[in-house]
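> Here it is: the structure, laid out below.
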Amino acid sequence: MRIAVARDQAPGEARVAMVPDLVGKLRAAGYQVTVQAGAGSGALLFDPAYEVAGALVTEHPFDEADVVLSVQPLDANCLAPLPSGATTISFFPYAERPTDVALRRERKFTTFGMEYVPRISRAQSMDALSSQALVAGYRGAIVAADMLGQFFPLSMTAAGTVPPAQVVVLGAGVAGLQAIATCRRLGAVVKGYDVRAAAAEEIRSMGAQAIELPLPTLEGAGGYAREMTEDRAQRQRELLASYIAAADALITTAAVPGRRAPLLVTTEMIMQMAPGSVVIDLAAEAGGNVEGVVAGSVVRVGPVQLWGGANVPSQMPGPASRLYAQNVLNVIMLMTRDGRFAPDFDDEITSAMCVTHAGNVLRDGG
Ligand code: NAD
């Protein structure tokens, strides 16, 4: 059977869904691998490396493909030559793509969405949301350190003492904890806040101080946060204002699945920060945690620079691609039996990931 690796076409997308190092694993499992020319070049993974690994590099890998791998959903040009009944594996935000879902149903494509891998222990090695959030959290911390124009660590020198930067991180899921860990490694004094009860201990385990507010915690289904009421949001903002005013760098990562990102920081709060402070909003594409944020831009709010993240994992395409490709490989191995791609739709992970199959739409709202 043939697995094709697409050259991702979405603007700004530099990642690739399969890396040369893992091509051998697909071949050992019984697959022929074809790679669209230039697929990995955004991540500095060039065609000859895929050829050395045993893949066929071609401009048109789709005509006979059984399974097509990409990071973003395939565009119409790639879908057109695919044989009916082919499978695609990529991120697939189906609620935003009703026309695409209809086309895939008509053509009887099987569509697996990487963001729907359930968060159960057995699926951890396939969890692309986590692997990409890890990259985003690291990158957010590095951008903060770069933009701040101050030392992160304490330095005691003959010329005097340079105080460490004060960093506040809001939202301590995968991205937030990685941002905390990275800022700590750079020597900043870090405080973190999250609405989930378990988060305080996780924040402390990264060497940061957990901000504890006199508010009830907000646990939702599956270990995720619940949405805040507007009253609680207002109270949370009031209680966080003094922490934010004292921060040199603020990194926000808060999200609630299926909802707009919660608004945690108003312009008024930012205006209380010292001149030269920086705010990094990793939730900018989901509506933003910070008032006035623009995804993909830096805007000036009074004396502060506000950086809005846009496809942040793609800003480190090499490591992000390697992690994503490993997640995808593990998904393919789950769905491989006797050298054939044969997904078991009774499997909890397979069924959760499946958006369309055999002319049916299998996820609500699709
Ligand atoms: P996420 O991206 O959905 O959200 C980021 C963080 O924002 C979360 O920690 C959330 O609690 C927080 N948040 C939401 N509203 C907030 C608010 N108003 N104020 C402050 N913070 C707010 O989260 P995630 O990184 O996907 O992680 C969510 C949970 O899933 C965590 O408990 C994490 O440990 C867990 N997880 C489990 C697995 C697994 O079991 N395989 C894998 C990854 C993550």
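The values are calculated or read from the model by the stated rules, or taken from the named source; none is laboratory data. Fair warning: this is a prediction, and the values are worked out from it, not measured in the lab. Counting neighbours? That spans all protein chains shown, and the Cβs are built from the backbone with ideal geometry, glycine included.
> Being of a type in the set (Gly, Ala, Ser) and within 17 Å of Glu285 (Cβ to Cβ) is the filter; apply it to the range 114-142 and report the residue that is nearest to the ligand (Cβ to nearest atom).
Taking the range 114-142 first, the residues of a type in the set (Gly, Ala, Ser) are 121, 123, 125, 128, 130-131, 133, 136-137, 140-141.
After this cut, where a residue has to be within 17 Å of Glu285 (Cβ to Cβ) as well, the list is 128, 133, 136-137, 140.
Details: Ala128: 11, Ala133: 5, Ala136: 9, Gly137: 9, Gly140: 12 Å.
Checked the range 114-142; the qualifying residue nearest to the ligand (Cβ to nearest atom) is Ala133.
> Looking at the range 335-363, I want the residues that are hydroxyl-bearing (Ser, Thr, Tyr) and have a partner that is assigned to a strand (DSSP E or B) with Cβ atoms under 7 Å, at least 6 apart or on another chain. Which pairs are those?
Qualifying pairs under 7 Å: Thr356/Thr110; Thr356/Thr111.
> Still on this structure, please answer the following. State whether the residues of the range 345-352 include one that is in a strand (DSSP E or B) and touching a strand residue (DSSP E or B) at 6+ places or on another chain (Cβ under 9 Å). Walk me through it before giving the result.
The first filter runs over the range 345-352 and keeps only residues in a strand (DSSP E or B), leaving none.
No, because not a single residue in the range 345-352 is in a strand (DSSP E or B) and touching a strand residue (DSSP E or B) at 6+ places or on another chain (Cβ under 9 Å).
> Condition test on Val135, is it in contact with a helix residue (DSSP H, G or I) (Cβ under 6 Å, 6 or more places away or on another chain), surrounded by 13 or more Cβ atoms within 10 Å (Cβ to Cβ), over 28 Å from Gln315 (Cα atoms) and of a type outside the set (Phe, Trp, Tyr)? Can you show your working first?
On the way: in contact with a helix residue (DSSP H, G or I) (Cβ under 6 Å, 6 or more places away or on another chain): yes; surrounded by 13 or more Cβ atoms within 10 Å (Cβ to Cβ): yes; over 28 Å from Gln315 (Cα atoms): no; of a type outside the set (Phe, Trp, Tyr): yes.
No, not satisfied.
> Are any residues in the range 102-122 surrounded by 15 or more Cβ atoms within 10 Å (Cβ to Cβ) and either within 19 Å of Gly258 (Cβ to Cβ) or touching a strand residue (DSSP E or B) at 6+ places or on another chain (Cβ under 7 Å) (or both), and if so, which ones?
Arg104, Arg105, Phe109, Thr110, Thr111, Phe112, Gly113, Met114, Glu115, Tyr116, Val117
> Take Val294 and decide whether it is in contact with a helix residue (DSSP H, G or I) (Cβ under 6 Å, 6 or more places away or on another chain) and among the hydrophobic types (A, V, I, L, M, F, W, C). Full working, then the answer.
Numbers: in contact with a helix residue (DSSP H, G or I) (Cβ under 6 Å, 6 or more places away or on another chain): no; among the hydrophobic types (A, V, I, L, M, F, W, C): yes.
Criteria not met by Val294.
> Hey, can you tell me all the residues within the range 210-225 that are more than 8 Å from the ligand (Cβ to nearest atom), over 21 Å from the mean Cα position of the chain (by Cα) and in a loop (DSSP other than H, G, I, E, B)? Walk me through it before giving the result.
If we filter the range 210-225 for residues that are more than 8 Å from the ligand (Cβ to nearest atom), which is where we start, we get 210-217, 219-221.
Filter again for over 21 Å from the mean Cα position of the chain (by Cα), leaving 210-217, 219.
Passing the criteria: Ile211, Glu212, Leu213, Pro214, Leu215, Pro216, Thr217.
> Same structure, new question: Could you grab me the full set of residues in the range 226-264 that are within 20 Å of the chain's Cα centre (by Cα), surrounded by 18 or more Cβ atoms within 10 Å (Cβ to Cβ) and either closer than 22 Å to Arg184 by Cα or more than 10 Å from the ligand (Cβ to nearest atom) (or both)?
Leu250, Ile251, Thr252, Thr253, Ala254
> Next up: Given the residues Leu170, Leu148, Leu186, which is the only one that is away from the ligand (no atom under 16 Å from the Cβ), in contact with a Phe, Trp or Tyr (Cβ under 8 Å, 6 or more places away or on another chain) and closer than 19 Å to Ala136 by Cα? Walk me through it before giving the result.
On the way: Leu170 fails: away from the ligand (no atom under 16 Å from the Cβ); Leu148 fails: in contact with a Phe, Trp or Tyr (Cβ under 8 Å, 6 or more places away or on another chain).
Exactly one of Leu170, Leu148, Leu186 is away from the ligand (no atom under 16 Å from the Cβ), in contact with a Phe, Trp or Tyr (Cβ under 8 Å, 6 or more places away or on another chain) and closer than 19 Å to Ala136 by Cα, namely Leu186.
> Say we look at the range 226-258 and pick out the residues that are among the basic types (Lys, Arg) and assigned to a helix (DSSP H, G or I); which of these is modelled with the lowest pLDDT? Break it down stepwise before answering.
The initial filter retains those residues of the range 226-258 that are among the basic types (Lys, Arg), namely 226, 232, 235, 237.
With assigned to a helix (DSSP H, G or I) added as a condition, the list becomes 232, 235, 237.
Values: Arg232: 94, Arg235: 97, Arg237: 97.
Applying the filter and picking the extreme gives Arg232.
> Output the number of the condition that Val33 fails; it satisfies all remaining conditions of (1) within 28 Å of Gly309 (Cβ to Cβ); (2) buried (at least 19 other Cβ atoms within 10 Å of the Cβ).
Result: Val33 passes all but (1).
> Out of the range 193-209, which residues are more than 7 Å from the ligand (Cβ to nearest atom), small (Gly, Ala, Ser) and either part of a loop (DSSP other than H, G, I, E, B) or closer than 23 Å to Pro257 by Cα (or both)?
Within the range 193-209, Ala197, Ala200, Gly207, Ala208 qualify.
> Which of the residues belonging to the range 74-91 are buried (at least 20 other Cβ atoms within 10 Å of the Cβ), under 23 Å from Pro317 (Cβ atoms) and in contact (Cβ under 8 Å) with a residue 40 or more places away in the chain? First the steps, then the outcome.
If we filter the range 74-91 for residues that are buried (at least 20 other Cβ atoms within 10 Å of the Cβ), which is where we start, we get 74, 78, 82, 86-90.
Subsequent filtering for residues that are under 23 Å from Pro317 (Cβ atoms) retains 74, 78, 88-90.
If the condition is that a residue be buried (at least 20 other Cβ atoms within 10 Å of the Cβ), under 23 Å from Pro317 (Cβ atoms) and in contact (Cβ under 8 Å) with a residue 40 or more places away in the chain, then Leu74, Cys78, Ile89, Ser90 are the ones that fit.
> Determine if the range 174-183 includes at least one residue that is over 23 Å from Val143 (Cα atoms), in contact (Cβ under 8 Å) with a residue 24 or more places away in the chain and not basic (Lys, Arg).
To start, the set of residues in the range 174-183 that are over 23 Å from Val143 (Cα atoms) comprises none.
Scanning the range 174-183, I find no residue that is over 23 Å from Val143 (Cα atoms), in contact (Cβ under 8 Å) with a residue 24 or more places away in the chain and not basic (Lys, Arg), so the answer is no.
> Restricting attention to the range 152-163, does a residue exist that is at pLDDT below 95 and surrounded by fewer than 19 Cβ atoms within 10 Å (Cβ to Cβ)? Talk me through it step by step, then tell me what you get.
We begin by selecting, within the range 152-163, every residue at pLDDT below 95; these are none.
No.
> Hey, another quick one. Which condition does Phe109 not pass, out of (1) modelled with pLDDT of 95 or more; (2) over 20 Å from the mean Cα position of the chain (by Cα); (3) more than 24 Å from Pro343 (Cβ to Cβ), if it passes all the others?
(3)
> OK, next. Pairs only if they're at least six apart or on different chains, beta carbon under 8 angstrom, first in the range 270-296 and surrounded by fewer than 16 Cβ atoms within 10 Å (Cβ to Cβ), second of a type in the set (D, E, K, R); list them, first residue then second.
Ala274/Asp248; Gly276/Asp248; Gly287/Arg260
> Still on this structure: Going residue by residue through the range 306-323, is there one that turns out to be within 16 Å of the ligand (Cβ to nearest atom), assigned to a strand (DSSP E or B), touching a residue at least 24 places away in the same chain (Cβ under 8 Å) and aliphatic (A, V, I, L, M)?
Checking the range 306-323: not a single residue is within 16 Å of the ligand (Cβ to nearest atom), assigned to a strand (DSSP E or B), touching a residue at least 24 places away in the same chain (Cβ under 8 Å) and aliphatic (A, V, I, L, M).
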